[in-house]
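One structure below.
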Amino acid sequence: MNQVLAETGEATVHINETLSRWSGVLYGTALGVYAIAALLLFAGFAASTKKFSVGERAAVLAGSGGPVVTADESAPGRVVPAEQKSNDRRLLNMGYAVAIVGALAHFASIVTRGFATGRAPWGNMYEFIALTMLACMVGGLVALRSQASRRYLGFVVAVVLLLLVINDRFLSTDAGPVVPALKSYWLVVHVSIISISSGVLLVSGVASILFLLNNSFGWFGQEAADRLDRIAYRCVVFAFPLFSLGVICGAIWAEHAWGRYWAWDPKETVSFISWVIYAAYLHARATAGWRIQAAAINVVGFASVLFNLFAINLVVSGLHSYAGVG
């Protein structure tokens with residue numbers, strides 16, 4: 001295997017170029033597979049949300065030559081042709097399976113990047129975004145695994161695909177050693193926790209956006225609105241404690257590295273703002289009659305996470321300016 005030497009100021013680090021290239025190939029493969037998964041999932045979503053007029057429903061119920069019908073568990077009281085329901089499920093199940101294949105390629109890309117550099121593969125912004133998007137994808141696959149919820153997975157896949165393309169287009173950097181300030185076991189602990197929690201919070205944000213769209217336009221029905229609300233809430237319940245732990249670990253690392261737990265660095269400040277937003281969401285969600293307001297707060301949290309992921313390291317200079325953008 002081809003190897004190059006990188007000078008870090010302390011020691012010479014071996015970078016495996018072959019594995020680095022394979023990491024890039026697997027990253028591109030994940031993008032292509034995610035694109036196919038999104039097309040299948042959106043096709044299944046479009047078919048599953050097809051509206052039936054009262055006349056069509058009456059004709060089917062009266063047995064006037066219409067197709068055999070069956071109940072749709074995602075919308076109680078609505079009648080759906082059996083053939084359409086079967087096609088919906090087939091497309092959604094195919095899209096779900098393809099998304100899993102994409103996640104495996106995505107995971108392999110991160111692992112090979114780690115072996116290529118001989119370190120945790122989230123030492124710069126490009127790698128951090130890749131890990132966060134994997135967490136978002138896995139979070140979506142788990143949170144939306146039920147048959148009735150898979151129809152919304154396409155929106156999560158689309159977000160992951162879009163952000164991965166932006167990451168590859170504007171933030172891509174060659175595999176290499178990290179700066180001395182990041183040579184700590186806290187890189188593994190703090191960054192991985194923040195990345196996983198941020199990815200799952202993005203899933204919650206997508207669910208709340210769909211919930212608010214349904215509330216405004218009535219696209220999916222009441223049962224779907226309840227389902228989306230539960231998905232958003234459960235994702236935050238899982239991710240918020242993790243995010244809190246990540247912030248605490250970051251403060252401990254900051255004390256070790258900079259001699260103080262909190263410096264109101266831009267990234268610290270936005271992370272704290274995000275923490276307050278999600279705490280407010282949980283409070284609002286527990287308040288009777290505040291589901292719409294809670295969803296709106298969750299969408300603000302979604303925007304704050306995206307801002308913290310992309311904008312802080314690129315726009316604002318601070319102690320966390322280790323983007324490594326090349």
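The values are calculated or read from the model by the stated rules, or taken from the named source; none is laboratory data. These numbers were taken from a predicted model, which means no experiment stands behind them. Note: ideal-geometry Cβ built from the backbone for every residue, glycine included; neighbour counts use all protein chains shown.
Restricting to segment 160-169, name every residue that is touching a helix residue (DSSP H, G or I) at 6+ places or on another chain (Cβ under 6 Å) and over 15 Å from Ile36 (Cβ atoms). Listed by number, the residues that qualify are Leu163, Asn167. Which is at pLDDT 50 or above and either of a type outside the set (Lys, Arg) or assigned to a helix (DSSP H, G or I) (or both), of Val4, Val98? The match here is Val98. Scanning segment 274-281 for any residue that is in contact (Cβ under 8 Å) with a residue 12 or more places away in the chain, in contact with a helix residue (DSSP H, G or I) (Cβ under 6 Å, 6 or more places away or on another chain), in a helix (DSSP H, G or I) and closer than 30 Å to Asp174 by Cβ turns up nothing. Screening segment 111-230 for helices (runs of 4 or more DSSP H) wholly inside it with 2 or more residues that are crowded, with 22+ Cβ neighbours inside 10 Å and touching an Asp or Glu at 6+ places or on another chain (Cβ under 8 Å) returns the ranges 192-217. Within segment 248-301, the residues that satisfy the criterion of being surrounded by fewer than 14 Cβ atoms within 10 Å (Cβ to Cβ) and over 24 Å from His190 (Cα atoms) are His283, Ala286, Thr287, Ala288, Gly289.
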